[in-house]
């Protein structure tokens, strides 16, 4: 869970997640949305992937990135559990 919160702490990574919420994208497509270097985008994608928030799949010569919905469901469940104070379960 710590790696997820670390990944979400950066505004660039949050923006990448917002972009991927709309549709799956290649690294180049993602990079085109930012005014930062491709190696920086690659670093952000690597952190998001290692946290489990995104996944990648090779399609031809491209790598396509997509949200890992299961991890988001786990995070939302954790928030509801904390908010609801489910201490007795």
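Any idea how many residues of the range 46-55 are touching a helix residue (DSSP H, G or I) at 6+ places or on another chain (Cβ under 6 Å) and either part of a strand (DSSP E or B) or closer than 15 Å to residue 19 by Cβ (or both)?
3
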Self-check item: Subset tally (residues that are surrounded by 16 or more Cβ atoms within 10 Å (Cβ to Cβ) and touching a helix residue (DSSP H, G or I) at 6+ places or on another chain (Cβ under 8 Å)) for the range 21-45
Solution: 7
Quiz prompt | Which listed residue, of 26, 31, 42, 62, is without any contact (Cβ under 8 Å) to a residue 12 or more places away in the chain and more than 9 Å from the chain's Cα centre (by Cα) | solution = 31
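None of the figures in this text is laboratory data; all of them are computed from the coordinates on show. Keep in mind the model is a prediction, meaning the values are calculated, not measured. Positions of Cβ are backbone-derived with ideal geometry, glycine not excepted, and every protein chain shown enters the neighbour counts.
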